[in-house]
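First the structure, in the form of structure tokens, and then the observations on it.
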Amino acid sequence: QIITKIFKGIKKWCFTQNCWIFSLIMIVILIYICINYKLRSKKVNINYPNTNLFINGEWKTGHGKETIEVINPATEEIIGNVACAKTNDLDEALSAAEEASKTWKNTTPFDRYRIMRKAAEILRDRVDPVGQIMTLEQGKPIAESKLEVSLGADRIDWMAEEGRRTYGKLIPARSGNIYQFTVKEPVGTVAAFTPWNFPINQILQKVPAALAAGCTIILKGPEETPASCAEVVKAFEEAGLPKGVLNLVFGTPSEISEYLIPHPIVRKITFTGSTAIGKQLAALAGSNMKLATMELGGHAPAIVFEDANIEKAFKILASNKFRNAGQVCISPTRFLVQDKLYEEFVSRMTDFAENLNVGDGLNPDTRMGPLAHDRRIEAIEGFVADAKSNGAKIRTGGSRKGNKGYFFEPTVMTDVPLSARIMNEEPFGPIAPISRFSNYEEAVEEANRLPYGLAAYAYTNSTKTAEAISNELESGMVSINHHGLGLPETPFGGVQDSGYGKEGGSEGIEAYLSTKFVSQSNS
Ligand code: NAD
């Protein structure tokens, strides 16, 4: 309205002054301003920041000036971009981390704690804007994004505290005048690689533990969801973390890992992602004698015994199955239900899936967002087609939803033979295959059939069964009669093909500490 008024005023003045050319130029300029304003306001509405590299305390575009586009998975629109690191950027990050290590490892745990607690508070104050950024780039419902941000702040707090408890011990000596003890030292510079499914949670399972231990870090964040990672780094920057202690890079994942892992400055690597890539990186770490933590895929059995409270079991399992569109490494992915409850469970799950509100995560009514990128659509379509061709019955869903955005229907399938890919590979999507079993032994055998061992769930009203099953499940984490995994104070990690090492809990900081033994004679 203001622009229109100005426009009319200028026009009137120009005409009364009989100045046609001037009037024409003014009109062109005004049209230009209007178009620009409109475009800018569109961009402002999107409110999504571009992401640069953070090296030695500075945000940089990177030497190659290359960028990767970031796509909103709900709309398939390009919403921004992220800078790519080249070898000389990585060299800068390595030198910065090495230099910063000299002072950070000698900074007292209490001073490290103070900076970390401040970063946690900064992040906590930004739950809303950072949650919005995460939903724009990752797709998950806004409530899930906000929860991830606030739980992330709790993770920083927990590890800040743990850093103050990295005790050594005094070991009684065999003879007098000998003083022998252990001290915990930081392992050195860490290269961390994190994925896109929980952009903040995944980095806050690694960064706070490393910082609290006194390590410096080069973090390669996920190119699909870079801006929420950058928000975490900004919180540490604003909290006063010295330059070079935490560096953030993006780029071609294989180029970065192949350069960083063997590099002599890097002493430890930590990776969260697929088992296939994890095995490659673990091999590279092993051949260079680097410490490694591997948080890899899972294929969690969820066993419902006939004496379980079906109402409770179903509610918890269904909502956790479709959380983050199933792109969760601890998602229940192989439902095993005992004969007596089988039909009822299938029917409830089918009903739940059919009525789940799937849509743009920014809509507060949405309960399941899109898959995070187009590769997932292709992968999930592949699982469904393979299961169908193996004779599986699709109870509901099974197809891409709509023709815009990476939406996939919440899918329930039964009668899936063990030869189908979905019964052997991590689905990482909104598919629930439900199988039946007759007795305890059968359930245990199927649960332990795969080489994965990250999470496992069981529902039963019998204390005896609960105790027995938690002993027999070959899994890094077991949760009985509820979904209780992944809190800051509890250890998280798998066995076998699901990786090694723990994140979170008191165990989490140990991964970044080395025990030094000292024996001293006082004369
Ligand atoms: P992917 O294994 O290719 O990528 C997973 C993450 O690892 C990504 O962030 C990627 O950038 C990174 N990555 C890939 N190759 C790398 C390399 N050579 N060096 C360093 N980092 C590398 O998988 P994807 O296509 O993104 O997702 C597919 C599968 O990954 C899923 O089916 C799931 O099994 C697994 N995944 C697991 C988790 C988890 O939390 N455990 C998270 C994301 C993906």
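Things to note:
- Scanning the range 427-479 for residues that are among the polar types (S, T, N, Q), touching a Phe, Trp or Tyr at 6+ places or on another chain (Cβ under 7 Å) and closer than 15 Å to residue 330 by Cβ gives a single hit, 479.
- Listed by first and then second residue, the pairs with beta-carbon distance under 8 Å, at least 6 apart or on different chains, first residue in the range 408-428 and at positive phi, second surrounded by fewer than 20 Cβ atoms within 10 Å (Cβ to Cβ), are 415/391; 415/393; 428/379.
- Taking (1) within 27 Å of residue 445 (Cβ to Cβ); (2) in contact (Cβ under 8 Å) with a residue 60 or more places away in the chain; (3) open to solvent by 10 Å² or more (accessible area, probe 1.4 Å) in turn, residue 336 satisfies each apart from (3).
- Any hit, the range 77-100, residues being touching a Cys at 6+ places or on another chain (Cβ under 8 Å) and either surrounded by fewer than 23 Cβ atoms within 10 Å (Cβ to Cβ) or at pLDDT below 95 (or both): no
- Identity of the residue in the range 260-280, within 21 Å of residue 450 (Cβ to Cβ) and of a type outside the set (S, T, N, Q), that ends up nearest to the chain's Cα centre (by Cα): 273
- Every condition in (1) within 29 Å of residue 515 (Cα to Cα); (2) touching a residue at least 24 places away in the same chain (Cβ under 8 Å); (3) surrounded by fewer than 24 Cβ atoms within 10 Å (Cβ to Cβ); (4) within 13 Å of the ligand (Cβ to nearest atom) is met by residue 288 except one, and the failing one is (4).
- Spans of helices (runs of 4 or more DSSP H) in the range 47-163 with at least 1 residues among the hydrophobic types (A, V, I, L, M, F, W, C) and within 18 Å of residue 372 (Cβ to Cβ): 127-138, 142-163
- Exactly one residue out of 445, 474 is touching a strand residue (DSSP E or B) at 6+ places or on another chain (Cβ under 6 Å), over 28 Å from residue 354 (Cα atoms) and among the charged types (D, E, K, R): that is 474.
- Check on residue 315, within 14 Å of the ligand (Cβ to nearest atom) and of a type in the set (D, E, K, R): no
- Evaluation of residue 329 against (1) in contact (Cβ under 8 Å) with a residue 24 or more places away in the chain; (2) more than 23 Å from the chain's Cα centre (by Cα) (one fails), failing number: (2)
- Failed criterion for residue 280 (all others in (1) outside any helix (DSSP H, G or I); (2) within 10 Å of the ligand (Cβ to nearest atom); (3) without any contact (Cβ under 8 Å) to a residue 24 or more places away in the chain hold): (1)
- For the range 237-257, filtered to residues that are among the aliphatic types (A, V, I, L, M) and assigned to a loop (DSSP other than H, G, I, E, B), the residue that is nearest to the ligand (Cβ to nearest atom) is 245.
- Among the residues listed as 303, 269, 265, the single one being within 10 Å of the ligand (Cβ to nearest atom) and modelled with pLDDT of 95 or more: 269
- The condition of being without any contact (Cβ under 8 Å) to a residue 24 or more places away in the chain, surrounded by fewer than 23 Cβ atoms within 10 Å (Cβ to Cβ) and more than 14 Å from the ligand (Cβ to nearest atom) holds for only one of 357, 390, that being 357.
- Residue 298, sole failed condition from (1) open to solvent by 10 Å² or more (accessible area, probe 1.4 Å); (2) touching a residue at least 40 places away in the same chain (Cβ under 8 Å); (3) within 9 Å of the ligand (Cβ to nearest atom): (1)
- Residue in the range 361-381 that is in a strand (DSSP E or B), closer than 18 Å to residue 137 by Cβ and modelled with pLDDT of 95 or more present: yes
- Pairs where the first residue, in the range 498-523, is in contact (Cβ under 8 Å) with a residue 24 or more places away in the chain and the second is surrounded by fewer than 16 Cβ atoms within 10 Å (Cβ to Cβ) and of a type in the set (Lys, Arg), C-beta under 9 Å, 6+ apart: 506/165; 509/165
- Residue within the range 214-236 that is over 21 Å from residue 99 (Cβ atoms), away from the ligand (no atom under 16 Å from the Cβ), among the aliphatic types (A, V, I, L, M) and out of contact with any helix residue (DSSP H, G or I) (no Cβ under 9 Å at 6 or more places or on another chain) present: no
- Enumeration of residues in the range 184-214 that are surrounded by 24 or more Cβ atoms within 10 Å (Cβ to Cβ) and assigned to a loop (DSSP other than H, G, I, E, B): 194, 197, 198, 205, 206, 214
- Selection count, the range 323-341, where residues are more than 16 Å from the ligand (Cβ to nearest atom) and of a type in the set (A, V, I, L, M, F, W, C): 4
Okay, residues lined up against (1) more than 14 Å from residue 300 (Cα to Cα); (2) buried (at least 18 other Cβ atoms within 10 Å of the Cβ):
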site	(1), (2)
408	yes, yes
416	yes, yes
420	yes, yes
428	no, yes
434	no, yes
455	no, yes
468	yes, no
478	no, yes
488	yes, yes
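- With respect to the conditions (1) open to solvent by less than 10 Å² (accessible area, probe 1.4 Å); (2) in a strand (DSSP E or B); (3) within 17 Å of residue 186 (Cβ to Cβ), residue 514 lacks only one, and its number is (1).
Each row is one residue, and each column tells you yes or no for (1) more than 29 Å from residue 363 (Cα to Cα); (2) over 17 Å from the mean Cα position of the chain (by Cα).
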site	(1), (2)
69	no, yes
73	no, no
84	yes, yes
88	yes, yes
99	yes, yes
114	yes, yes
134	no, no
141	no, no
159	yes, yes
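The values are calculated or read from the model by the stated rules, or taken from the named source; none is laboratory data. Computed from a prediction, not measured in an experiment: that's the story for all the values here. Don't worry about glycine lacking a Cβ; one is built from the backbone with ideal geometry, like all the others, and counts go over all protein chains shown. Side chains included, ligands, DNA and RNA excluded: accessible areas come from the protein's heavy atoms. Shrake-Rupley method; radii C 1.70, N 1.55, O 1.52, S 1.80 Å.
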